[in-house]
Amino acid sequence: MINEKMKKPSPSIDEWLKEAKTDPAALQEGMFLVHNGVVRQTPKVKVREGLDDGSLVKGMEFAYDAAKVDAAIAETYKMDGIFHVRVWLNEGQLELGDDIMYVLIGGDIRPHVIDALQFLVGKIKSECVIEIEKKL
């Protein structure tokens, strides 16, 4: 088991957007994108690699390294046209349908925001978290 922590309540994206739009940098932003990762029943190896062992996911143990996440956020802010970044990560024992993460990116134009969202979510998933699927 990763830790004894309980999963956290999910944030309000409406509140996140309200806060982001009151920031002085919001005057430079023309777009916000939100990513919401959720625990799914289909194993990652089947979705990503097409390997089907017949198993189904019943939950997940999830943990993250906060310092690595902070470093990834700092890198994202250095990208062209990015003015707002906010990340929430769950932790502990997660069930099907539970939120794993939320990422909000605000920037000047669509290509910059899409690139930043893809960069940050990819970095978090590959370098900052531990996900252990629990299978049936």
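The values are calculated or read from the model by the stated rules, or taken from the named source; none is laboratory data. If you're wondering where the values come from, they're calculated on a predicted model, not measured in any experiment. Glycine also receives a Cβ, built like all others from the backbone with ideal geometry; neighbour counts cover every protein chain displayed.
For the reader, a short list of remarks on this structure follows.
- Search result, residues across segment 5-56 that are of a type in the set (Asp, Glu) and either under 24 Å from Phe83 (Cβ atoms) or touching a helix residue (DSSP H, G or I) at 6+ places or on another chain (Cβ under 9 Å) (or both): Asp14, Glu15, Glu19, Asp23, Glu29, Asp52, Asp53
- Only one entry in Val38, Val113, Val47 is without any contact (Cβ under 8 Å) to a residue 24 or more places away in the chain and not charged (D, E, K, R), namely Val47.
- Counting the residues of segment 45-64 that are assigned to a helix (DSSP H, G or I) and either modelled with pLDDT of 90 or more or not acidic (Asp, Glu) (or both) gives 4.
- Any chance Ala67 is part of a helix (DSSP H, G or I), over 17 Å from the mean Cα position of the chain (by Cα) and either closer than 20 Å to Glu131 by Cβ or touching a residue at least 24 places away in the same chain (Cβ under 8 Å) (or both): no
Okay, residues lined up against (1) farther than 29 Å from Leu27 by Cβ; (2) in contact with a helix residue (DSSP H, G or I) (Cβ under 8 Å, 6 or more places away or on another chain); (3) assigned to a helix (DSSP H, G or I); (4) at pLDDT below 95:
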{"residue": "Met79", "(1), (2), (3), (4)": "no, yes, no, no"}
{"residue": "Val85", "(1), (2), (3), (4)": "no, yes, no, no"}
{"residue": "Pro111", "(1), (2), (3), (4)": "no, no, yes, no"}
{"residue": "Asp115", "(1), (2), (3), (4)": "no, no, yes, no"}
{"residue": "Lys123", "(1), (2), (3), (4)": "no, yes, yes, no"}
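- Of all residues in segment 1-44 being closer than 25 Å to Pro111 by Cα and part of a loop (DSSP other than H, G, I, E, B), the one that is modelled with the lowest pLDDT: Asp23
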